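The values are calculated or read from the model by the stated rules, or taken from the named source; none is laboratory data. What you are looking at is a predicted structure, and each value in this text was computed from that prediction instead of being measured. So basically every Cβ, Gly included, is an ideal-geometry build from the backbone, and we count neighbours across all protein chains shown. Calculation scope for accessible area: heavy atoms of the full protein, side chains included, ligands and nucleic acids excluded. Shrake-Rupley method; radii C 1.70, N 1.55, O 1.52, S 1.80 Å.
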Amino acid sequence: MGNTPTWLLQQLIPPLLLTYFYFAWKISTFELGPHLLNDPSIYRFISYFYLIFPTLSIFLITLLYIRLYFLPSSQSIPPFDPPPAIRNRQVILQCLSPAQAKAIRLADNVPHDDDDPMLERCYRGKCGGRWKPARARHCTLCGRCRAGWDHHCVFFANCLSAPYMRTFLALLLYTPPTIFIISLPLYKSLYSRAKEAYFHSKSDDSIRQKWWDWGYSWVIAGGPIGRYAGGTVLGWRKLDKLDEDGGGLVRLNIGLMVVFGIILALITIGLATTTLSLILKGDLTIDRGRSSAHGQALSAIYRLKSQGKHIPPHLESNLSRFSDRRWFFVPLPRELQTQDREGIILQTLEHERPYDHGWRQNLRIVLGSMTSWIYPWNAIRKGMGEEVFLWPITEDVEKRLREDAERRAKEGMLSERT
Ligand SMILES: [Zn+2]
Ligand SMILES: [Zn+2]
């Protein structure tokens, strides 16, 4: 049920965006470009630029957009069973905690062993018991688990997963300059036209009656700002009708196009900034959501404890569910392996971040390179390959885990438990 607004938005936004870009392309190529060409005060090369640039950049933006929109529903879905290296436990791998494994095995009437790692599997939606590698998440809208899942994006009605992060980011970064460049020659004249439209609407009798004196205009437009905008639009339309050429390059729909463009540019700048800062920190959007859910559970428990109240079990379970601390199976060197123990299960430490390799390396892992991912011919292609199913952990954490595992094996200690 909580998905209904998202579903509705993702039906509305894609046609709206494509319409905007088509309209922007049409106006700039067939009206703005020729207009600048006819203006002797404008440098020739600027006019030619305006004749060519919109086609190139909007074509590119549309291409990247279509790429994300039409990503197959199978994108980044892990194989049903993990690859042999993981099945045979030859590598360090993220697994369930011994406590979780025990609960599942108990329910299945299977004998449990704390040293025997259990890989996570998903039984929701269409997953049907599919292997769920580290950093994979289940998208409730698509009903599938995807490796390196970031979020389900209403802008292109599809999941965003790590391998296509560079396509997404390039799209976000190409959009604001394109919008800015296309609307730049129009800002000044549209601004004075909007002012003129506002004053016209105030002085026009029929608009005053229909809008300004009409009490419901406050309600319909959603407050004073909307009321001014509504009045201006009405005045603008009237001005356009009075003009011989219907308003030309300062007509109402071009004004609305530019306003829509400004809003879209601001949204994309915001999204690009947050997405990039998350990648630099080695996080995906979902991680931020999880860590804030963890923080909320933590502070709720703290508050209840300080009031001496009972702590409801769902808070406790949220705390462990959203915890940043992960469990890893660490294979032991051959000489330390025994008949019934091939490795040790350890938990990461409080502030250990196994997937944060430092900003440079984080960029390289997710985007495929430091800078060259931004070129269109790279951005359109998939970034991460198979490593998305076995996300690399940092050397530091790997070293710490291996040393800890060996020490425990030598001292005859068992795997960690919760
Ligand atoms: Zn799933
Ligand atoms: Zn999805």
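Worth a mention:
- Highest-first packing order for the peptide set 15-25, 343-353 is 343-353, 15-25, based on the mean count of other beta carbon atoms within 10 Å.
- Separation of alpha-carbon centers, segment 15-36 and segment 266-322, rounded to whole Å: 42
- Quotient of C-alpha Rg and 2.2 N^0.38 Å, computed over the chain: 1.30
- Highest mean first, the peptides 245-252, 332-339 sorted by other C-beta atoms within 10 Å per residue fall in the order 245-252, 332-339.
- Evaluated with a Cβ-only charge set (Lys, Arg +1; Asp, Glu -1), segment 134-222 carries a dipole of roughly 420 debye about its Cα centre, given to the nearest 20.
- Charge tally in the Cβ shell below 9 Å around W212, where Lys, Arg are +1 and Asp, Glu are -1, W212 excluded: +3
- Prolate/oblate/rounded call for segment 244-349, Cα gyration tensor, a/c under 1.5 rounded: oblate
- Taking each of K126/K281; K202/K241; K132/K309; K132/K399 in turn, the alpha-carbon distance tops 27 angstrom for K126/K281; K132/K309.
- Accessible area (Å², per residue) of the chain, counting only protein heavy atoms and a probe of 1.4 Å: 54
- Using every pair of distinct Cα positions in segment 1-62, the Kirkwood expression returns a hydrodynamic radius of 13.4 angstrom.
- When the surface is traced with a 1.4 Å probe over the full set of protein chains, I380 keeps roughly 50 Å² accessible.
- Distances between placed amide hydrogens fall under 5 Å for E352 paired with no residue 5 or more residues away or on another chain.
- Summarising the amide proton neighbourhood of G148: residues at separation of 5 or more, or on other chains, whose placed amide H is nearer than 5 Å comprise A136, R137.
- Cα extents of segment 59-125 along the three principal axes, largest first (Å): 59, 28, 17
- Using the rule -39500 (n - 2.57) for each DSSP H run of four or more residues, divided by the residues of the chain, the 222 nm mean residue ellipticity is -17000 deg cm²/dmol.
- The fraction of accessible area contributed by carbon and sulfur in segment 24-95 is 67 percent, rounded to a whole number (1.4 Å probe; ligands and nucleic acids excluded).
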